[in-house]
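Here's the structure, in structure tokens; my notes come after.
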Amino acid sequence: MSEVVEKYAKLNYSKDTLIHDFLEYLKKGNNNIPLDIINAKIDIIDILYVPFFIYKLSGSMQVEARIGRDHTEWETKKTGRRKIEYEKDFWGNINRYETDEEHVVANNYTIWNNESFSVDAEKEQFTICANTHIAFLLKEDIKYDFDYNDTAEKKENLKELKVNENINKFDKQKEELKKELEQKAESKINSMGDRYKDIKMSEVNFDEKYLYLKIPIGYIKYKYNSDSKNYYFVESLSDKKIFCQTSPEDKKFAKANSRGKGISFITFILYLFLAYITYKLTHIINLPYMNYLFYSIIGILFADWFSIFCCYASNSADNIEKRHKYIANIIEENYTILKDLVNRLDKPYKD
């Protein structure tokens, strides 16, 4: 087994950055975020290393084969029969000509050559290897492309989650990579000529790399009022990648918004019904220009509904914008106090 390498990603940002980004998120949070969101209670705030496991397997294989390329040559041969032709000259005399009959024959043959080449392939598996709640929150980002060449020494004041990845489970990857190399070799052989034979494949030369990459993570878990639900803000302090961000909702405001949309939808259905009644009336009452009257009524109905819809949408957008401005003003006015208060919290994450 190849050596398992352990690396620590560079810690580029501090706890202050985490708190700043968290407060900025609350300012620009979801549209239904409560107006008193600053009263939320932080249960956990911590900076720690989360281990990611990177398994890289590469393989190469030498291939030899005799490749045949088909060729065709066209040859003219005499049939053994005589061909008789007649031709009229300038004075009107008819002349008789007799020649040997010929036909064109295709000669097919194959030229064989010895060919050799190599094929290579690689697999990379990127997983979280800590059986904790943080790992669960990050599971959707396990393919996130960290720059794991940019490494640094571990910061002593940062703890790290325990590694529980069993590297022996990757043994079957070799068999899968071998099959992939064989398929690539066969595909290349098929593309090199028209025929092939005497195929020889060498043993696969494998190269394994195991890497435990420790990423510094900022983790905040908080609650809102008496709500038992947990909310999270998790970001990488290596490059500020946001892994998870959730916030509570003002259910009354959300319900009011949805009620306005519901009224708009009911109005639309009602206007459709009125349009149907108008359509029926045009077939009952036979008056001149009835069709023009029908289209005019339909136009008025839908213009009226569209104005109602736009009014609801405009009011909803205005209300959401006012909420965001109100929350932003509160946070900005108390920013120093809030940041200092959160920064002094000592509520570490426990496995």
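What follows draws every value from the coordinates through simple rules; no lab data is involved. Since this is a predicted model, take the numbers as computed values, not measurements. Here the Cβ is made from the backbone with ideal geometry for all residues, glycine too, and neighbour counts use every protein chain on show.
Once the piece of chain linking D89 and E6 is laid out straight, how much longer is it, given 0.36 nm per residue of separation minus the C-alpha distance between them?
20.0 nm
Among the listed pairs K159/K339; K41/K252; K10/K350; K174/K221, which have their C-alpha atoms separated by more than 31 angstrom in this model?
Beyond 31 Å: K174/K221.
Could you please report the charge total around N31, scoring K, R as +1 and D, E as -1 over all other residues with beta-carbon less than 11 angstrom from its beta-carbon?
Once positives and negatives cancel, what remains is -1.
Given the Cα-Cα distance of K78 and S60 and 0.36 nm per residue of separation, how much length would full extension add, in nm?
Contour length minus Cα-Cα distance gives 0.9 nm.
I'd like to compare 79-89, 60-70: which one has the highest average count of other Cβ atoms within 10 Å, and what's the full order after that?
The densest-packed peptide leads the list: 60-70, 79-89.
Taking amide H positions as placed 1.01 Å from N in the peptide plane, with prolines and chain starts having none, which residues 5 or more places from K10, or on another chain, fall under 5 Å of its amide H?
Here A152 satisfy the definition.
On the principal axes of its Cα set, how long, how wide and how thick is the stretch 14-153? Give whole Å, largest value first.
120, 44, 24
For the stretch 199-214, just list the computed ³J(HN,Hα) in residue order, Karplus coefficients 6.51, -1.76 and 1.60, θ = phi - 60°, integers in Hz, with x standing in for Gly and Pro.
7, 10, 10, 6, 5, 6, 9, 8, 9, 10, 9, 10, 9, 9, 9, 9
Just to check I understand the Karplus step: with θ = phi - 60° and J = 6.51 cos²θ - 1.76 cosθ + 1.60, what whole-Hz values come out for the stretch 332-345, glycine and proline as x?
5, 5, 10, 4, 4, 5, 4, 5, 5, 5, 5, 5, 7, 5
Ordered by residue, what ³J(HN,Hα) values in Hz, to whole numbers, does the stretch 29-36 give under the Karplus form 6.51 cos²θ - 1.76 cosθ + 1.60, where θ = phi - 60° and Gly and Pro are x?
x, 4, 5, 9, 4, x, 5, 9
Among 326-338, 235-247, 5-17, what's the highest-first ranking by average C-beta atoms within 10 angstrom per residue?
Packing order, densest peptide first, comes out as 235-247, 5-17, 326-338.
What whole number of Å gives the distance from the Cα centroid of the stretch 320-351 to the Cα centroid of the stretch 48-91?
When both Cα centres are located, 72 Å separates them.
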